[in-house]
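Enquirer: Handing you a structure now.
The values are calculated or read from the model by the stated rules, or taken from the named source; none is laboratory data. The structure presented is a predicted model; accordingly, all values stated were derived computationally and were not measured. Glycine gets a Cβ as well: all are built from the backbone with ideal geometry, and neighbour counts include every protein chain shown. Note: accessible area is taken over every heavy atom of the protein model, side chains too, but ligands, DNA and RNA are not part of it. Shrake-Rupley method; radii C 1.70, N 1.55, O 1.52, S 1.80 Å.
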Amino acid sequence: MKTSGKNILGYNFSSIGETVFFAKNPGTGNQLETPYHEATLKEINQAITLAENAFTQYREKTGEEKALFLETIAEELLQIEEELVGLCGQETGLPAGRLKGELGRTTGQLKLFATVLRDGSWVDARVDTADLNRKPFPKSDIRQMQIALGPVGVFGASNFPLAFSVAGGDTASALAAGCTIVVKAHPAHPGTSELVGKAIVSAAKRCDMPDGVFSLVQGASIAVGQAIVRNPLIKAIGFTGSFRGGKALFDEAARREEPIPVYAEMGSVNPVFVLPGILKENHQTLAEGLSNSVQLGAGQFCTNPGITVLPKTKESKVFEDVLKNSVQVSESATMLTEAIQKGYNLGLEKLKVKKEVESISTGKKTEGHSQGVAEVLSVCASDFLSDKELEEEVFGPSTLLVRTEDKNEIMDIAKNLNGHLTATVHGTEEDLYEYADLLKVLERKVGRLLINGFPTGVEVCHSMVHGGPFPATTDARMTSVGTAAITRFTRPMCYQNYPDSLLPDELKTENPLSILRMENGKYVLPN
């Protein structure tokens, strides 16, 4: 399967635009040979019109039919694993082992949503039967379930070119919800995006899905993304990326005549709190674990621990020494793009020009292009609390140690945090009892709260929350990972006094799909 550099408009390919761009190998800085045609406004609107037309058919597909479609996408991806991993490695600099693992996650979440569709209970069906004898007024028959929104725009992420990109979580959950999609490929890995897009189209044809259930448009300019958001047929947006990019899409959607939801996961520093008791018992292991977490994937995970809150004790000095030594002997790693590497260095310099911030350890820079060098910075709690810029994300392999004098400073830091994806607390049983109020504060600041672990690594499962209060995301009520992500792309629909024969199967009196439902206020298990 070769890359063409063309846009995928339903079952057809198009390259009418004259503007082209090229991917680069971030490890060498060399331009790859295939030119990719930036989608024109005509092509974007054509893709969205196809999605609208396909939606009227796709939304009527059964859970079994949609489940089979998702599983077939997974099959198609596995059939091109070798070629996909090879090209993706060239475009991202990521090692083959990491990409194979990410492909497994991508296919795994497609299959997980297939199990949700087969179960069917995700629609949250609610049935209140009529009571014509109720006084003083009769009660109508009222039933409710979740239905698909319509065509969805999905923006591929740079840091997970498979699991958060063309066939990633946004695509899997939107297709599972019954939505058609138009994906904006990330310009850092356009060839990878095209290969995945072709695999989805192949699956769609195999499963007899309507032309336009999926489209992929390419583009290095912001105009392509803006055109997707502005089109009145698009009913929701899924995005993973920078705060600047996500907020721009959110604002664009709010300016529409019909505003639409933008589910943007935008950035986070994921604070780690180390409490005194566990620091005394376990300082060396904690420091080594933090070093590994900070440097995982060259620090390019959205759950990278960018702030570490540490009490000033004799054990904290040993902790810092272990952390410093671990970072000093570490070698740099290739970052995803030149722009990301430059942004990382600029972010570090922005912190280091502040007189209250000290760089206490730096890794080794190895040969190669776009190298991200690990670094540990430090600041005292009082200075951290007086400067909100110190809480801003630096996307890469670094962390800022915040030294605290007492519990009051720890609590003040927690209370003054912005919204983040995660917060982590390391503590003994006694620590956690003494700092129970810290946990309550952090519940209001993040979407996922960890005890005695590190935030890098997000399990794809039914109970995962990968989200959090603004500015981590644009909607703290939602998650972009796990099966609960499906409801981002649905809305509740109520049917009153409907003939049973016209109701969706999920709401019919006999419950032909045998799903869990709420009936007259009580959840009823299927027979």
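Enquirer: Within the chain, what whole-number % of the accessible surface is contributed by carbon and sulfur, with the 1.4 Å probe and all protein chains included in the calculation? Don't jump to the answer; show the numbers that get you there.
Expert: Working: 11340 of 22220 Å².
C and S fraction of accessible area: 51 percent.
Enquirer: Let me ask another. Restricting to the chain, what percent of DSSP beta bridges are antiparallel, rounded to 5? Can you show the working numbers first?
Expert: Details: 28 of 67 bridges.
Looking only at bridges with both residues in the chain, the antiparallel portion is about 40 percent.
Enquirer: Go ahead and estimate [θ] at 222 nm for the chain from helices alone: -39,500 (n - 2.57) per DSSP H run with n ≥ 4, summed, over the residue count, rounded to 500.
Expert: Roughly -12000 deg cm²/dmol at 222 nm, from the helical runs in the chain.
Enquirer: In addition: Could you derive backbone 3J(HN,Hα) for region 132-143 from the dihedral phi with the Karplus parameters 6.51, -1.76 and 1.60 (θ = phi - 60°), listing whole Hz in sequence and x where the residue is Gly or Pro?
Expert: So the Karplus estimates, Gly and Pro as x, are 6, 9, 5, 10, x, 10, x, 9, 6, 7, 10, 9 Hz.
Enquirer: Still on this structure, please answer the following. Leaving out ligands and nucleic acids, note down the accessible area per residue over the chain with a 1.4 angstrom probe, in whole Å².
Expert: 42 Å²
Enquirer: Which peptide among 338-348, 190-200 comes first, and what is the full order, when sorted by highest mean count of other Cβ atoms within 10 Å? Intermediate values should be presented prior to the final figure.
Expert: Details: 338-348: 17.0, 190-200: 25.3.
So the peptides 338-348, 190-200, ranked by packing, come out 190-200, 338-348.
Enquirer: If you average 1/r across every pair of different Cα atoms in region 264-324 and take the reciprocal, what Kirkwood value do you get, in Å?
Expert: Evaluated over region 264-324, this radius sits at 12.2 Å.
Enquirer: If you don't mind, another one. How would you order 86-92, 319-325 from highest to lowest mean count of nearby Cβ atoms within 10 Å?
Expert: Final packing ranking: 86-92, 319-325.
Enquirer: How big is the gap, in Å, between the Cα center of region 412-479 and the Cα center of region 267-310?
Expert: 13 Å
Enquirer: Taking only C-alpha pairs under 8 Å that are 6+ residues apart, what is the relative contact order of region 449-510 in percent?
Expert: Here the relative contact order equals 22 percent.
Enquirer: Let me ask another. Here are some pairs, Lys6/Lys184; Lys314/Lys407; Lys100/Lys205; Lys6/Lys247; which of them have Cα atoms lying more than 19 Å apart in this structure?
Expert: Where the Cα-Cα span goes over 19 Å, the pairs concerned are Lys100/Lys205; Lys6/Lys247.
Enquirer: Continuing with the same structure: Which one, Ile340, Ser14, Val465, projects farthest toward the positive side of the charge dipole computed for the chain from Cβ point charges (K/R +1, D/E -1)?
Expert: Farthest towards the positive pole: Ser14.
Enquirer: Taking a 28 Å limit on the Cα-Cα distance, which of the listed pairs Lys42/Lys235; Lys42/Lys111; Lys61/Lys198; Lys354/Lys445 fall beyond it?
Expert: The answer is Lys42/Lys111.
Enquirer: While we're on this one: Can you tell me the length gained on complete extension of the stretch Glu83 to Asp119, counting 0.36 nm per residue apart and subtracting the Cα distance?
Expert: Net length gain for the segment: 9.5 nm.
Enquirer: For the pair Val524 and His369, how long in nm is the line joining their label points, each one 7 Å along Cα→Cβ?
Expert: Reported label-point gap for Val524 and His369 is 6.4 nm.
Enquirer: State the Kirkwood hydrodynamic radius of region 320-413 in Å, one decimal place, computed from all pairs of distinct Cα atoms.
Expert: Value: 14.1 Å, from the Cα pair sum.
Enquirer: Please turn the phi angles of region 291-299 into ³J(HN,Hα) values with the Karplus equation 6.51 cos²θ - 1.76 cosθ + 1.60 (θ = phi - 60°), one per residue in order, whole Hz, x for glycine and proline.
Expert: 4, 5, 5, 4, 8, 4, x, 6, x
Enquirer: Please report, to one decimal in angstroms, the Kirkwood hydrodynamic radius of the chain built from all distinct Cα-Cα pairs.
Expert: Final number for the Kirkwood radius of the chain is 24.5 Å.
Enquirer: Which angle from 0 to 90°, rounded to the nearest 10, does the C-alpha axis of helix 63-79 make with the longest principal axis of the chain?
Expert: The helix 63-79 is inclined about 50 degrees to the chain.
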